[in-house]
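Everything on this sheet refers to the single structure shown next.
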Amino acid sequence: MTVLEVLQISTEFLRKHEIENARLNAEHLLAHLLGRTRMELYLEFERNLAETDLKQLRDLIKRRSRGEPLQHLLGTVEFCGHVFKIDKRAMVPRPETEQLVELVIADCETRRPGRIVDIGTGSGIIALSLGKEFPNADILAVDISEDALALARENAERLDLAGRISFKKGDLLEEIAERFDLIVANLPYLSMQERPSLSREVLHDPEIALFGGEGGDELIRELINQSPTHLNPGGLLALEIGVGQSDGLETLLRQKNLHDIDTKKDYSGIPRFLFARYG
């Protein structure tokens, strides 16, 4: 079978199993298997595939049809212009989190942070992306999951940042005495009641990275409570939050005497990010 024939059959199979962007998924998986870019596949449509390649591709296509995330099958994900290793140890990063990093960078353009902590670092994408952007910053990445921290360390090695980023297992800011110029976090913000509405792909993420409690925002609230004693004067708290959580969290930020509170919308127009300063 040729590359074109395999792509057509794979695409139809994924469509029948309700995979969005079925053709794109098929192209990514075949390109990954052959060590090609997607564009290079178009130059090899008439190439005949070996049976060993077909067998491996069938396995990947079947796994994708059952809802296993494309990023897990590829083993990597692109985020803020860098390629990160990703697997079941941490949540697959969403476009909203990439927007969070972009907004933080823009906010810190004139007041570059010297000390940064990323709470709930997962695969390390936020901490490491900021490490690339702020080469002189002292950055700490914190997570409660030892597996996630191991993945984050592997990504630090990939990006040549292993000597610049510190990693710590911990529950939010507990057992951390230092103060920071920037606290950034994409914490779990879903409630367990939302589980039935989640896609098959999302349910492959670790539950500890998805669900924030009965109401969904419990961990975010606890971080806000802890933040005033861990921010330097003028320090920035930057959070990614869930749908419908902005009003209640803004009230809590004001109660904790944070100011310059700014709710920012994601590309879908949903209030998704909260920024506030201390002191």
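Figures for the structure shown
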read-out	value
Where a residue in the stretch 83-94 is without any contact (Cβ under 8 Å) to a residue 40 or more places away in the chain and its partner, wherever it lies, is assigned to a loop (DSSP other than H, G, I, E, B) and surrounded by 20 or more Cβ atoms within 10 Å (Cβ to Cβ), with Cβ under 8 Å and at least six apart	P93/I86; P93/G122; P93/S123
Matching entry among G114, G163, G75 (being closer than 20 Å to R179 by Cα and surrounded by fewer than 23 Cβ atoms within 10 Å (Cβ to Cβ))	G114
Any chance A141 is hydrophobic (A, V, I, L, M, F, W, C), buried (at least 16 other Cβ atoms within 10 Å of the Cβ), assigned to a helix (DSSP H, G or I) and in contact with a Lys or Arg (Cβ under 9 Å, 6 or more places away or on another chain)	no
Search result, residues across the stretch 114-135 that are under 14 Å from the mean Cα position of the chain (by Cα), in a strand (DSSP E or B) and aliphatic (A, V, I, L, M)	I119
Members of the stretch 228-259 that are under 22 Å from the mean Cα position of the chain (by Cα) and part of a helix (DSSP H, G or I)	S246, L249
Residue match in the stretch 90-98 (condition: under 26 Å from S10 (Cβ atoms) and of a type in the set (S, T, N, Q))	no
Lone qualifier among D160, D205, D138 - being of a type in the set (D, E, K, R), over 17 Å from the mean Cα position of the chain (by Cα), in the same structural domain as F273 (by TED's automatic domain parsing) and under 16 Å from K85 (Cβ atoms)	D160
Some residue of the stretch 174-187 being touching a Lys or Arg at 6+ places or on another chain (Cβ under 8 Å), within 30 Å of L14 (Cβ to Cβ) and in the same structural domain as L237 (by TED's automatic domain parsing)	no
Considering residues of the stretch 98-111 that are assigned to a helix (DSSP H, G or I) and hydrophobic (A, V, I, L, M, F, W, C) only, the residue surrounded by the most Cβ atoms within 10 Å (Cβ to Cβ)	L100
Contacts under 6 angstrom Cβ, first residue in the stretch 192-215 being over 21 Å from E68 (Cβ atoms), partner among the polar types (S, T, N, Q), 6 or more apart	G215/S191
Matching residues in the stretch 1-54 - criterion: being polar (S, T, N, Q), in contact (Cβ under 8 Å) with a residue 24 or more places away in the chain and touching a helix residue (DSSP H, G or I) at 6+ places or on another chain (Cβ under 7 Å)	S10, N25
Selection from the stretch 208-227 of residues that are within 17 Å of the chain's Cα centre (by Cα) and assigned to a strand (DSSP E or B)	F211, G212
Enumeration of residues in the stretch 55-106 that are of a type in the set (K, R) and either farther than 22 Å from G212 by Cα or touching a helix residue (DSSP H, G or I) at 6+ places or on another chain (Cβ under 7 Å) (or both)	K55, R58, K62, R63, R64, R66, K85, K88, R89
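The values are calculated or read from the model by the stated rules, or taken from the named source; none is laboratory data. Computed from a predicted model, the values in this text were never measured in an experiment. Cβ: placed from backbone, ideal geometry, glycine included. Neighbour counts: every protein chain shown.
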